[in-house]
1. Does Asp361 qualify as being buried (at least 24 other Cβ atoms within 10 Å of the Cβ), in contact with a His (Cβ under 8 Å, 6 or more places away or on another chain) and not polar (S, T, N, Q)?
2. May I ask you to list pairs of residues, at least six apart or on different chains, whose Cβ atoms are under 6 Å apart, with the first in segment 292-310 being of a type in the set (Val, Ile, Thr) and the second being at pLDDT 95 or above and assigned to a loop (DSSP other than H, G, I, E, B)?
3. From the residues in segment 208-223 that are under 20 Å from the mean Cα position of the chain (by Cα) and either in a helix (DSSP H, G or I) or assigned by TED's automatic domain parsing to the domain that holds Phe52 (or both), which one is farthest from Glu259 (Cα to Cα)?
4. Pull out all pairs, ordered by first then second residue, where Cβ-Cβ is under 6 Å, the residues are six or more apart or on different chains, the first lies in segment 206-226 and is under 23 Å from Gly398 (Cβ atoms), and the second is acidic (Asp, Glu) and modelled with pLDDT of 95 or more.
5. Identify all residues within segment 291-336 that are farther than 19 Å from Ala228 by Cβ and of a type in the set (Gly, Ala, Ser); write none if there are none.
6. Out of curiosity, is Asp185 within 25 Å of Ser62 (Cα to Cα) and exposed (fewer than 15 other Cβ atoms within 10 Å of the Cβ)?
7. Against the conditions (1) buried (at least 21 other Cβ atoms within 10 Å of the Cβ); (2) out of contact with any Lys or Arg (no Cβ under 9 Å at 6 or more places or on another chain), where does Asp345 fall short? Just the number, please.
8. Can you spot a residue in segment 91-103 that is farther than 30 Å from Phe148 by Cβ, over 27 Å from the mean Cα position of the chain (by Cα) and outside any strand (DSSP E or B)?
Amino acid sequence: NVSVVLFTSDLRVHDHPPLRAALDGAREVVPLFVRDRAVADAGFAVPNRLAFLADCLRDLDSGLRERGGRLVVRSGDVVREVCKVAAETDADEVHVAADVSGYARRREERLRHALEAEGVRLHVHDTVVGAVDPGAVSPASSDHFAVFTPYFGHWSRQRLRDPLAAPRTVRVPDGVGSEELPTRDGLSGLSPGLAAGGETAGRARFAAWLRSGIAAYEDRHDDLAGDATSRLSPHLHFGTLSPVELVHRARRAGGPGAEAFVRQLAWRDFHRQVLAARPAAATEDYRAKHDRWRSAPEEVRAWREGRTGYPVVDAAMRQLLHEGWMHNRGRLLVASFLTKTLYVDWRVGARHFLDLLVDGDVANNQLNWQWMAGTGTDTRPNRILNPVTQAKRYDPDGAYVRRWVPELADVAGPAVHEPWKLQGLDRAALDYPDPIVDLAEGRERFLRGRTGTP
Ligand code: FAD
């Protein structure tokens, strides 16, 4: 008998419950990836993520070939393609990972319906995309946790399943047709400093992180210039690394750095359970309804291009353009700047992030934007991050700004955070804009809007 394994956000062979279950139950399996037309139609197939995905698929194919198998790639409507492959191979089961977005859940429903009509069973596997799935922990009075701290208390007490080893052999039936694997060639508009994708690269990065990064994470995770976070987010987004395995191995490493890192992984599950309970939060205000946003096209353009006149904001926005990735402290700062100081709708910022981020993820992106905009789960929705104070704190010497804003490369020390204070010729020599907004005015405008005072 034959089983089909549909790979989605889980592009790996290690710790892969659907692959393991399929191999346990069948003589042969068809590892399948469908380049889903609906994802492209919804505007999610952007160059940076397509490039990373191409790396991931090629590496997954290699991982399967080392075990005697290969990856089958098709394009089109995902449900139709799965049904076709199941019919061609006379498969009696299909295995897939559970996922949380509204789209992923509709896909699962459609798959179940279509496969049942053909007499094929669909198996949906938990703890593949997240370490602790939505619903595994829930509060007494609601269907999900709206505040992170109590969620984390429950999350930490969960007993995680043991990680699974990669299979030794994968037998694929002869003659199953596959498209060529995608490549990066021909993709235009890629960020020049984009990271490489794939399970091999992800596992190497995680091993290096355990050896020489995690111990200092608690102290250094907010240090913009130090760049001392794991940079595993694209691997978690595409599932080239398993969150269950990461939590186990980080806990084994132990220490305050590992604890702080595991806590960030819990944030990921936290947002996933919010989105699972409130799929509309991908596009609508989660908690506080808000409709007074300004339309400020010129200011938004300056923000996108990294020309706001606030060096740390501009540095972070240029890092995003250059790498398709941004440091978390930068993400917080630029999101506060857009939604609070400029008072522009969080959806405008979230869309720009999704257009570029290699880790761009509906749950993490939309809900972190809402958190910072004050419409989401932040218990202090009116906090405003001052970009100058934050810059002095998290980039004390100004090295992050000088790295990303070459116009300021010659300004030494923390003075780089306030170029408007430079005197005479020093200021005149800089080809760098004046601030597009006064911070105090921005703050007033936001707080007035929030309380509804005209
Ligand atoms: P590390 O600090 O090494 O953390 C380890 C892992 O924990 C990350 O890879 C990530 O999977 C998870 N994590 C860390 N912080 C968060 C968080 N606040 N929420 C959820 N998970 C977290 N993360 C995404 O993966 N995709 C996004 O689209 C995304 N958009 C964001 C938008 C905004 C406005 C903000 C403020 C944050 C966003 N984040 C997003 C969360 C966070 O900034 C990134 O996960 C992190 O910067 C990735 O870098 P890292 O892998 O080095 O993180």
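1. So Asp361 passes the test.
2. Every condition considered, the pairs that remain are Thr308/Ile436.
3. Applying the filter and picking the extreme gives Trp209.
4. Close Cβ pairs satisfying both conditions: Leu224/Asp395; Ala225/Asp395.
5. Ser295, Ala296, Ala302, Gly306, Gly309, Gly324, Ala335, Ser336 - these are the residues of segment 291-336 that are farther than 19 Å from Ala228 by Cβ and of a type in the set (Gly, Ala, Ser).
6. So Asp185 passes the test.
7. Condition (2) is where Asp345 drops out.
8. Yes; the residues of segment 91-103 include at least one that is farther than 30 Å from Phe148 by Cβ, over 27 Å from the mean Cα position of the chain (by Cα) and outside any strand (DSSP E or B).
The values are calculated or read from the model by the stated rules, or taken from the named source; none is laboratory data. Model, not experiment: these values are computed from the prediction. Cβ coordinates were reconstructed from backbone atoms using ideal geometry, including for glycine residues, and neighbour counts include every protein chain displayed.
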